[in-house]
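A.B. asks: Could you have a look at this structure, given as structure tokens, before my questions?
The values are calculated or read from the model by the stated rules, or taken from the named source; none is laboratory data. Because the structure is a prediction, the values reported are computed rather than measured. Backbone-built Cβ (ideal geometry, glycine too); neighbour counts: all protein chains shown.
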2 protein chains.
Amino acid sequence: MDAVSEERRARAALARLMEPSDWVGLGLVASVGPIDALRIATGALAPGNGLEAELLRVLDRRSGQPEQSMLQDGLQRWAPRVKDLAPERDLATMERLGGQLLVPGDELWPPALADLELGEPLCLWVRGDPALAVPPANRTVALVGSRDSTNYGNSVTGDIAAGLTQRGYCVVSGGAYGIDAQAHRSALAAAEDPSLPATMAVMACGLDRYYPAGNEELLRSIAARGLLLAEVPPGSAPTRWRFLQRNRLIAALSGTTVVVEARWRSGALNTAHHAAGLGRPVGAVPGSVYSANSAGTHRLLRDGSAVCVTDAAEVAELAGPFDALASSTPQEVLADHDGLGVEDLLLLDALPVRKGVSVDKLVPVAGLPARTVLAGLGRLQARGLAAQDGSGWRRAQSS
Amino acid sequence: MDAVSEERRARAALARLMEPSDWVGLGLVASVGPIDALRIATGALAPGNGLEAELLRVLDRRSGQPEQSMLQDGLQRWAPRVKDLAPERDLATMERLGGQLLVPGDELWPPALADLELGEPLCLWVRGDPALAVPPANRTVALVGSRDSTNYGNSVTGDIAAGLTQRGYCVVSGGAYGIDAQAHRSALAAAEDPSLPATMAVMACGLDRYYPAGNEELLRSIAARGLLLAEVPPGSAPTRWRFLQRNRLIAALSGTTVVVEARWRSGALNTAHHAAGLGRPVGAVPGSVYSANSAGTHRLLRDGSAVCVTDAAEVAELAGPFDALASSTPQEVLADHDGLGVEDLLLLDALPVRKGVSVDKLVPVAGLPARTVLAGLGRLQARGLAAQDGSGWRRAQSS
């Protein structure tokens, strides 16, 4: 086995041995590389004398554990899983499913994940067309939200997902019920560019299963035309911890994260906070103040962690300059009196709607000198706002 | 006539001669005082040689007019209205209506208007119980919005106005249809403190008329239990200019301004911008992204000029420390797993829901060393999250 494939095999094994964001495990890999990290973690190699100190240096203050026992704690944590290690079997499973394993350094490894620093995943399991690559973060937008979404939330999600897809963005979500499913569905329906994943679902469980079961058909479609991603190996169950850690991957893979609907406490807010922590822009969709499903998005708007977004164009504006089609501002409908100076505005107010009046009568009503009235009437007439008839000056029909 | 009443009379006359925010007129009053300003404006007193220079100094760069003719322009603007001046008549009209005239320096003059600097109104015409004073700005909140409000907007306005009134704030609005009317109505319904105006309506027309006619009954109620205010004298028609200037008074009288519903272009946004210009906090109520009546509030949220507010408590928080009853944060419903450490969370995820399992079986599932599992099971049991039965450990019923 060459060094490259041995490293892949080691990362695949470590991903089963260690939970996502196991800081000691990640620090160990950062210190000695994945191959020796696996040897140490499985007890095949004794840790060198300086390793504990090196780990302390690498982890800085990231570890909440008592410093002395950090590595020992890790070894005890990993030991019970050593007997289950079978990276070749996991790699074969993925291959059979038409998937692949990505590791840092691979050409297709998403560079945006490096923003997670030490929290960068050990590897990514990917299911989907092997010709499809994870798009760069400036072309991806995460749309996340409640599982128990409302009709309103589904509708907004559908509009935004379709609009973003039409603009060439790839919509990322978590493959769950509700907002996630609607985002994926609308992206699949709107996608036309075969060189881009129609949508990407980042899962909290192994990619050998479709979870939740009610989304099986949807997840199959994503595997066919988009990408399914996970950092946990095949066979992994979706636990609460893995959901929380999965949210950091959604945030890290996406240049922009938008929360469409979220209750006061919601996993979608966790994704938003991960995104904010990475310095990525976060959007939140407003809704009724009476909807519990908008309490979380309003909370994000209120505390300033998210920008108010109401349609795909505004999300595209938030996502930045990649977008060529976005237009953030509705066409301004110019009112008749736009751009008028104060005096002309006063004069327009003074003009009668029906029967015309003389300039002499306009002067006191408008509170303007006669020459200003005369000049102003000319300007208003030129703009079609004033008209002159036998009885004098009045507003033109159009005003 | 004593000096005090002569000044009141002069300001009453100037308010008819000059439109609101007539900078030259206001500069003239600032330069020579209201009595001489009236003499000069009416041609009874020739302007001194240094007056034009003094005006330039007072107005700084506020005037958009060519500097040389500033005073002459003013004189020509005011001249046509001189023949209509009848301040004693206006004062008598107000007295007959049970109203009064307030001028700067009066004990009841709202000090918050001084923030308008040179734009402070010449005087305020007030209708209502003479025992009622305009409350200080930290006890007043403006609720403004569309005339063509939706049921949603009316409902939110009603809730916020009632909640603010119950908290001891005075609700200010513009007496118009829609959001304004709903704000006044709900404040009247909720008001219980007879020492405070039940609500205040700042009008764009003279207080001798009830405008708009459809709100006559409401405006009568406000005159009975609250206050009607205007800077224009009795008999003045509500013109576009006066509406725009009226908005600055709403903003200046209110410590906080909240826009409940506003279209993309709306007078309510003008009020919000006045408030922001005065450095006063501005709130905006979110709504459906499909409602044209929320496009303006979303615009304020999006450009950062307003804070998202969804109920009276959040408005009260924005308004600041006067409020004793406000509570900004809904009671957090603690989830079972709140406050658990990472290891206990992993352990909780690993616990089966139905049949108990041994610690040996939990160890590899949780990916934790045996002693951590044992300690964690103790903690989870203490929190009612884990239970032990004949077959081993499982989640407790409540989790």
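A.B. asks: Pick out the one residue from A:D323, A:D336 that is in contact with a Ser or Thr (Cβ under 8 Å, 6 or more places away or on another chain) and at pLDDT below 95.
C.D. replies: Just a single option satisfies the conditions, and that option is A:D336.
A.B. asks: Follow-up. Does B:S294 satisfy the condition of being in a loop (DSSP other than H, G, I, E, B) and either surrounded by fewer than 21 Cβ atoms within 10 Å (Cβ to Cβ) or not β-branched (V, I, T) (or both)?
C.D. replies: No; evaluated as a whole, the condition is false for this residue.
A.B. asks: Helices (runs of 4 or more DSSP H) wholly in the range B:159-264 with at least 3 residues that are on the phi > 0 side of the Ramachandran plot - which ones?
C.D. replies: Answer list for the range B:159-264: none.
Here's the yes/no breakdown for (1) modelled with pLDDT of 95 or more; (2) over 21 Å from the mean Cα position of the chain (by Cα):
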| residue | (1), (2) |
| --- | --- |
| B:G98 | no, yes |
| B:V103 | yes, yes |
| B:A112 | yes, no |
| B:E117 | no, no |
| B:P121 | yes, no |
| B:L124 | yes, no |
| B:R127 | yes, no |
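A.B. asks: Would you check if there is a residue in the range B:197-204 being touching a strand residue (DSSP E or B) at 6+ places or on another chain (Cβ under 7 Å), of a type in the set (G, A, S) and over 20 Å from B:V259 (Cα atoms)?
C.D. replies: Looking for residues that are touching a strand residue (DSSP E or B) at 6+ places or on another chain (Cβ under 7 Å), of a type in the set (G, A, S) and over 20 Å from B:V259 (Cα atoms), one finds none in the range B:197-204, hence no.
A.B. asks: Considering only the range B:128-139, how many residues are of a type outside the set (A, V, I, L, M) and part of a loop (DSSP other than H, G, I, E, B)?
C.D. replies: Residues that pass the stated criteria total 4.
A.B. asks: Here's something else I'd like to know. Condition check: closer than 30 Å to A:L368 by Cα, surrounded by fewer than 16 Cβ atoms within 10 Å (Cβ to Cβ) and touching a Phe, Trp or Tyr at 6+ places or on another chain (Cβ under 8 Å). Does B:L118 satisfy that?
C.D. replies: So B:L118 passes the test.
A.B. asks: Go through the range B:104-127 and give me each residue that's in a helix (DSSP H, G or I) and among the small types (G, A, S).
C.D. replies: Passing the criteria: B:A112, B:A114, B:G119.
A.B. asks: Considering only residues that are within 13 Å of chain A (Cβ to nearest Cβ) and not in a helix (DSSP H, G or I), look in the range B:265-281 and name the one that is nearest to B:D148 (Cα to Cα).
C.D. replies: It comes out as B:S266.
A.B. asks: Turning to a different aspect of this structure: Hey, among A:G145, A:G226, which residue is touching an Asp or Glu at 6+ places or on another chain (Cβ under 6 Å) and touching a residue at least 60 places away in the same chain (Cβ under 8 Å)?
C.D. replies: A:G145
A.B. asks: Suppose we filter the range B:85-102 for residues that are touching a residue at least 40 places away in the same chain (Cβ under 8 Å), among the aliphatic types (A, V, I, L, M) and farther than 12 Å from B:A13 by Cα; how many remain?
C.D. replies: 2
A.B. asks: How many of the residues making up the range A:28-50 are touching a Leu at 6+ places or on another chain (Cβ under 8 Å) and at pLDDT below 90?
C.D. replies: 0
A.B. asks: Can you name the residue in the range B:347-379 that is in a loop (DSSP other than H, G, I, E, B) and surrounded by fewer than 19 Cβ atoms within 10 Å (Cβ to Cβ) and is also farthest from the other protein chains (Cβ to nearest Cβ) among such residues?
C.D. replies: B:G356
A.B. asks: Pairs only if they're at least six apart or on different chains, beta carbon under 6 angstrom, first in the range A:286-304 and within 13 Å of B:S294 (Cβ to Cβ), second β-branched (V, I, T); list them, first residue then second.
C.D. replies: That search, which allows pairs on different chains as well, returns A:V289/B:V156; A:V289/B:T310; A:H298/B:T310.
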